[in-house]
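Asks: Please see the structure below; I have some questions.
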Amino acid sequence: MSKHTHTLSLVNGQKVKVHERVHFRPYMLVFYILLVLAAVIVIIPVWWMVANSFETIKSYAFPNPPKFWPENFTWNNYSLVMMNTNIVGNLKNSAIVTAQDVLFNLFIASMAGFVFSKGRFPGKQPLLLLILSSMMVPFEIKLMPIYQIIQAMGLNNTYLGASLPGCLTAAFNIFMIKKFCDDLPDELLESATVDGASKFRTFLQIYLPLMGPIIATLTVTTVMTSWNDLLWPMIVLSRDEMRTVQSGLSQLTNSSFGPHAGMTCAASCLSILPLTVIFIFMQKYIVQSVAATGIKQ
Amino acid sequence: MQKTVKRQGFFKKYGEWYLMLAIPVIGSIMFNIYPLIVNAFQSFKNTAGSWVGLVNYNILFTDVLWPKAIINTLYMGVIGVGLSIPIAFLLAYMLNRVPFAKNAFKTIYLFPMIVSIVAVSMVFKFIFNADANSPMNLFLQMIGLPKSDWFSGVSTSRETVMIMTLWKSVGHAVILFFAGLQTMPVELLEAADIDGANEWKKLWYITVPNMKNTLIFVFITNSIGALKRFADVYAIASEYGQPGDTLVTIMIYIYRKSFSTLFYKDLGVASAASIILFLFIIVITVIEMRVTGESESLISNSRKRGAR
């Protein structure tokens, strides 16, 4: 009756995996065909991009009909893009901004999430509302004033300027960490206070290590959003040597003289390489993080 | 005297909590409240900084590009949400009903999420080239349809961008729907099996009603995202929004008015446009809170927790 490879059932009060035979139903074949079709549609464009980055392309256009395997394998596109554009510098900038984002954002968020979850002090509710309000006001509509503030602080074209506005508000991560912290026992704080530990130390030494799962989840989502962010880094890091990989790439693909086809492919491949490596090694984890947070870039 | 003692006691008792919150509180004021207020004031001022009342709003609404930007944004939003939710839901539903390789499919569908939109646009510009020999036009030829201009056609550019965005973001919705389906009790479907319900009836009468909350969540986040549409159209058409201004969205309009190097800049008008966009988003957020109910909304949730 069951179509599930394993169902959970209770034996002596313990959950046990019971393997049942899968009864094949005709609808499954239809489902698999459609699922595979969707997977092929998802894979083809990326495959084409990678294949063409290794192809010898002598013109500004890609070969038509499309090739899905390089006939004349070459690293030439990669050396061209590395010599003629600042892609390596762009990648470095992106890495620095992303690392900064993760560190600042998660440190600030985990501390604030802890305080909002475990703290007892007057004005907690209004302060929480003040911080969460930045989730209601999208970053996009505050673009110009924020840029003016960053400029007035002399932080435009600095890595710090790229990270600061996002990290100092961090509302979403604060909210997620607060929710996680709510399920941690209050008694740890009480006993630490009795032992005379300061609140900050309690946070750092007792609660922070317990937040592992949520911090890992938010690290994954923060890395993905900040690596792929285009609008803000493009505005604040506008000097060519400061551009992140996304804005560097968009400059390359949008340039009016028409970039060399193989070069754009190679540059695109380089831009997705770091996240792809992370994705391959942590795929299951990333799927879980997305399901848990619902975050969307 | 006593008052100072009391105050010292207050800080001794609570001071550390406040100190630990200092950074995000200052940050929220600096990068959220203050910019919002500045924006609101800016929308009533001219470029020289003097108060001009509603002139900027007047300029905005007489600009021929502005209604186009709103129409483009809404049109692309409707197509995008209308395509992605049913497709993602069906994929998730099928995934939930097959026995093997669920995780492999989920991983593949999610992969485009990590590919930056700029790289994606480069590939899609090739696949959907207006050239008669481009992959998609060859495909149309194969099934006997006339060639299309795709990104470069006034009547097809917005739809083509939505195909690209669908490709990139469908996996995200699939994952969320799948997670929702997993929490649905298996007994419901098994009971329906016994009653002899067919797949379609099970989907429509059991699964969809049970998934209401997830559906609303995905719908709302996608709608808000659609109002702020920037990266995908920018990656395709830069700030020009060509062909025929079909790819000028509200955010592209604001970007052009505030940061462009090629078009006439006007901060006041950009702020007015930002305020209008903000109102749009507020309306959707309020609808969200109404629909999902007070108990599930963000604020009431935290209020409930805080009251302990």
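Asks: List every residue pair whose Cβ atoms lie under 8 Å apart, where the two residues are 6 or more positions apart in sequence or sit on different chains, the first residue falls within the range A:268-280 and is more than 18 Å from residue A:51 (Cβ to Cβ) and facing another protein chain (nearest Cβ under 9 Å), and the second residue, located anywhere, is aromatic (Phe, Trp, Tyr) and in a helix (DSSP H, G or I).
Replies: These pairs meet every condition: A:275/A:227; A:279/B:111.
Asks: May I pose another question? What's the number of the only condition in (1) in contact (Cβ under 8 Å) with a residue 24 or more places away in the chain; (2) surrounded by fewer than 21 Cβ atoms within 10 Å (Cβ to Cβ); (3) within 13 Å of chain B (Cβ to nearest Cβ) that residue A:213 fails to meet?
Replies: Condition not satisfied by residue A:213: (3).
Asks: Residue B:30 is checked against (1) crowded, with 16+ Cβ neighbours inside 10 Å; (2) more than 14 Å from chain A (Cβ to nearest Cβ); (3) under 30 Å from residue A:108 (Cβ atoms) and fails just one. What number does that condition carry?
Replies: That leaves (2) as the condition not met.
Asks: Residue A:90 - would you say it is of a type outside the set (Phe, Trp, Tyr) and either surrounded by fewer than 21 Cβ atoms within 10 Å (Cβ to Cβ) or farther than 26 Å from residue B:165 by Cα (or both)?
Replies: Spelling it out, it is not the case that residue A:90 is of a type outside the set (Phe, Trp, Tyr) and either surrounded by fewer than 21 Cβ atoms within 10 Å (Cβ to Cβ) or farther than 26 Å from residue B:165 by Cα (or both).
Asks: Can you tell me which of B:119, B:92, B:88 is under 21 Å from the mean Cα position of the chain (by Cα), at pLDDT below 90 and within 12 Å of another protein chain (Cβ to nearest Cβ)?
Replies: Matching residue, one of B:119, B:92, B:88: B:119.
Asks: Which one is farthest from the chain's Cα centre (by Cα) among residues in the range A:150-170 that are hydrophobic (A, V, I, L, M, F, W, C) and surrounded by fewer than 24 Cβ atoms within 10 Å (Cβ to Cβ)? Write out each step before concluding.
Replies: Looking only at the range A:150-170, we keep the residues that are hydrophobic (A, V, I, L, M, F, W, C), and these are A:150, A:152-153, A:155, A:160, A:162, A:164, A:167-168, A:170.
In the following step, the residues that additionally are surrounded by fewer than 24 Cβ atoms within 10 Å (Cβ to Cβ) were identified as A:150, A:152-153, A:155, A:160, A:164, A:168.
On the way: A:150: 24, A:152: 29, A:153: 28, A:155: 24, A:160: 19, A:164: 17, A:168: 18 Å.
Among residues in the range A:150-170 that are hydrophobic (A, V, I, L, M, F, W, C) and surrounded by fewer than 24 Cβ atoms within 10 Å (Cβ to Cβ), the one farthest from the chain's Cα centre (by Cα) is A:152.
Asks: Oh, and also: When only residues in the range B:242-284 that are of a type in the set (Ser, Thr, Tyr) and surrounded by 19 or more Cβ atoms within 10 Å (Cβ to Cβ) count, which is nearest to residue B:222 (Cα to Cα)?
Replies: Out of the qualifying residues, it is B:249.
Asks: Please state which of the following conditions residue B:136 fails to meet, knowing it meets all the rest: (1) surrounded by fewer than 23 Cβ atoms within 10 Å (Cβ to Cβ); (2) modelled with pLDDT of 85 or more.
Replies: So residue B:136 meets the others, but not (2).
Asks: Within 7 Å of chain B (Cβ to nearest Cβ), within 30 Å of residue B:9 (Cβ to Cβ) and polar (S, T, N, Q): which single residue out of A:110, A:191, A:198 fits that description? Even if it seems obvious, please write down each step before you answer.
Replies: Numbers: A:110 fails: within 7 Å of chain B (Cβ to nearest Cβ); A:191 fails: within 7 Å of chain B (Cβ to nearest Cβ).
Answer to the check: A:198.
Asks: Let me ask something else about it. Which of the residues spanning the range A:79-100 are closer than 13 Å to residue A:159 by Cβ and hydroxyl-bearing (Ser, Thr, Tyr)?
Replies: A:94, A:98
Asks: Let me ask something additional. Quick check on my filter: what residues within the range B:95-112 are within 7 Å of another protein chain (Cβ to nearest Cβ) and part of a helix (DSSP H, G or I)?
Replies: Start the filter on the range B:95-112 by keeping residues that are within 7 Å of another protein chain (Cβ to nearest Cβ), which leaves B:95, B:97-99, B:103, B:105-112.
Answer for the range B:95-112, where residues must be within 7 Å of another protein chain (Cβ to nearest Cβ) and part of a helix (DSSP H, G or I): B:95, B:97, B:103, B:105, B:106, B:107, B:108, B:109, B:110, B:111, B:112.
Asks: Condition first: of a type in the set (Phe, Trp, Tyr) and either buried (at least 16 other Cβ atoms within 10 Å of the Cβ) or touching a Cys at 6+ places or on another chain (Cβ under 9 Å) (or both). Now tell me which residues in the range B:55-69 satisfy that. Write out each step before concluding.
Replies: First pass over the range B:55-69, keeping only residues of a type in the set (Phe, Trp, Tyr): B:57, B:61, B:66.
Within the range B:55-69, B:57, B:66 meet the criteria.
Condition check ((1) of a type outside the set (Ser, Thr, Tyr); (2) surrounded by 14 or more Cβ atoms within 10 Å (Cβ to Cβ); (3) more than 16 Å from residue A:97 (Cβ to Cβ)) across all residues:
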| residue | (1), (2), (3) |
| --- | --- |
| A:179 | yes, yes, yes |
| A:186 | yes, no, yes |
| A:191 | no, no, yes |
| A:203 | yes, yes, yes |
| A:220 | yes, yes, yes |
| A:248 | yes, yes, no |
| A:254 | yes, yes, yes |
| A:260 | yes, yes, yes |
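Asks: Still on this model: When both residues are 6+ apart or on different chains and their Cβ atoms are under 9 Å apart, which pairs have a first residue that lies in the range B:161-189 and is of a type in the set (Lys, Arg), and a second that is buried (at least 20 other Cβ atoms within 10 Å of the Cβ)?
Replies: Matching pairs, first to second residue: B:168/B:112; B:168/B:113; B:168/B:115; B:168/B:117; B:168/B:120; B:168/B:232.
Asks: Among the residues of the range B:123-154, which ones are in a helix (DSSP H, G or I), of a type outside the set (A, V, I, L, M, F, W, C) and over 25 Å from the mean Cα position of the chain (by Cα)?
Replies: B:135, B:137, B:141
Asks: Determine whether the range B:58-75 contains at least one residue that is closer than 26 Å to residue A:281 by Cα and either within 14 Å of chain A (Cβ to nearest Cβ) or in contact with a Pro (Cβ under 8 Å, 6 or more places away or on another chain) (or both). Don't jump to the end; show me each part of the working.
Replies: So the first thing to find is which residues in the range B:58-75 are closer than 26 Å to residue A:281 by Cα, and the list is none.
For the range B:58-75, residues closer than 26 Å to residue A:281 by Cα and either within 14 Å of chain A (Cβ to nearest Cβ) or in contact with a Pro (Cβ under 8 Å, 6 or more places away or on another chain) (or both): absent.
Asks: Which of the residues spanning the range A:115-161 are touching a Leu at 6+ places or on another chain (Cβ under 9 Å), of a type outside the set (S, T, N, Q) and more than 8 Å from every other protein chain (Cβ to nearest Cβ)?
Replies: Matches in the range A:115-161: A:118, A:139, A:150, A:153, A:155, A:159, A:161.
Asks: Can you name the residue in the range A:171-201 that is among the small types (Gly, Ala, Ser) and modelled with pLDDT under 85 and, of all such residues, is nearest to residue A:215 (Cα to Cα)?
Replies: Per the stated criteria, the residue is A:197.
Asks: From the set of residues in the range B:33-54 that are surrounded by 12 or more Cβ atoms within 10 Å (Cβ to Cβ) and among the polar types (S, T, N, Q), which is modelled with the lowest pLDDT?
Replies: Step by step, filter the range B:33-54, then rank; the result is B:47.
Asks: Could you look through the range B:148-172, keep only residues that are over 21 Å from residue B:137 (Cβ atoms) and facing chain A (nearest Cβ under 9 Å), and pick out the one that is surrounded by the fewest Cβ atoms within 10 Å (Cβ to Cβ)?
Replies: Our first condition is that a residue be over 21 Å from residue B:137 (Cβ atoms); within the range B:148-172, this holds for B:168-172.
The next check asks that each one be facing chain A (nearest Cβ under 9 Å); those that pass are B:169-172.
Details: B:169: 21, B:170: 24, B:171: 25, B:172: 24.
Here the answer is B:169.
Asks: Let me confirm something: among A:232, A:227, which residue is closer than 30 Å to residue A:70 by Cβ, modelled with pLDDT of 90 or more, assigned by TED's automatic domain parsing to the domain that holds residue A:98 and part of a helix (DSSP H, G or I)?
Replies: A:227
Asks: Something else about it: Among helices (runs of 4 or more DSSP H) lying entirely in the range B:155-256, which contain 2 or more residues that are within 30 Å of residue B:69 (Cα to Cα) and not acidic (Asp, Glu)? Talk me through it step by step, then tell me what you get.
Replies: Numbers: elements: B:157-182, B:186-194, B:212-227, B:231-237.
Filter on the range B:155-256 gives B:157-182, B:212-227, B:231-237.
The values are calculated or read from the model by the stated rules, or taken from the named source; none is laboratory data. As the structure is a prediction and not an experimental result, all values here were calculated from the model. Every residue, glycine as well, gets a Cβ built from its backbone with ideal geometry; the counts of neighbours run over all protein chains shown.
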